[in-house]
Structures are given as C-alpha cells and as structure tokens.
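Colleague: Right, I'll just put the structure down here and ask away after.
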C-alpha cells in the first residue's frame, strides 16, 4: 500500500510542477499586459496624475476670474541624471481658462552631452484631465551639451470645468536619461575602436 502511494506521489509531482510553472508564466504575462492597459486607463480618466498630450483650442477658453487656482511646481531627476533642474518660480496663482507660461531651467553639469526626457505628473490625480498644456518641453527629448544651460518653457491652462473644491494643483516633472544616450555612447565607443584599429594597422604597414 505504501509503495502504491509513493508511486502516485512520484507521478503527480511533475504534473504539479508543470501547473505551477504555467501559472507563473501566465501571471508574468498578465503583469506586462497591465502596464499598457493602466496607461490607457490613466490617459482616459486622468487618474494617478498623468497628463495628456499637447492640446489646441478652436476658440479661446472661457476665463473664470472669480476663481484662483494655485499651481505649485516640483522638479526631480533620475538618480543617474547629472543635471540641475528647477522652476524659475515655485508657484503661481492662475484664473481657470487663462493661459500661463512658466519657465524651468536645466543645466548639464557633466562633461558630456546628454539627452533627457521629462515626464510630467499632476496632483491631485483628478485634476490632471483639466490641466491642459499647449506648449511644453516634455513633448520632445531635450539635448544639453556639456555645461550647457537652457530655459524650458511650459504654457498651460487650467480648465474652468475643474471641480470647485480643488484650489491647489501640483505640477511635477521628472527628467530621465534617454535611451539615445546609450546609443550615442555605443556609437562613440565603436568609432573609437575602429579609429584605434585603423591607426594600429597603419603603423604595422609603415613598419613593413
């Protein structure tokens, strides 16, 4: 009887392991699928502070001068981003519907050119759908040469349809190093290696 139970356990073990491995694969794939689905959800609802792309208006927005919204600006850098990045002003008070332009200052403090991409976020998340950017440095990647400093403007409008209970908005930007930096670095390394090989080959030819 004991031998039969042992044989059954031996037969079932590969099946259990196979099912567990399949479950891990399914969960792993589901985790990746959640990322684009979550991005779409945030783009539609404005939750989690994600802001949309550039907007344009067929007619001028209605300005609500009876309300004032304070917009505070925060800046962050990826831990490996050798830049300085800050707003010219820490906050501004705006009327809903009125275009406002604010400048940010970025400086590359490294000894090489670096391409960065700014990712915006708005808090509270429910205000993101009503925070509309008409011009922004975050729409494209930004390249700074070694030691270069650049003024980066953003023009935005807080929609007059923003909930009456929201009186404060925080706009934050985080700069990340672009993948193009790695491509440029690899290209420079490759060119350097090719030049070095050419020089070595030329020297050997001269010796001959």
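Colleague: When you go through (1) surrounded by 15 or more Cβ atoms within 10 Å (Cβ to Cβ); (2) touching a strand residue (DSSP E or B) at 6+ places or on another chain (Cβ under 8 Å) one by one for residue 126, which number turns out not to apply?
Modeller: (2)
Colleague: Within the stretch 143-159, identify whether any single residue is loosely packed, with under 15 Cβ neighbours inside 10 Å and within 15 Å of the chain's Cα centre (by Cα), and answer yes or no.
Modeller: no
Since every read-out is calculated from the coordinates, none of them should be taken as a lab result. Only a predicted model underlies this, so the values are computations on that prediction, with no experimental measurement involved. Backbone-built Cβ (ideal geometry, glycine too); neighbour counts: all protein chains shown.
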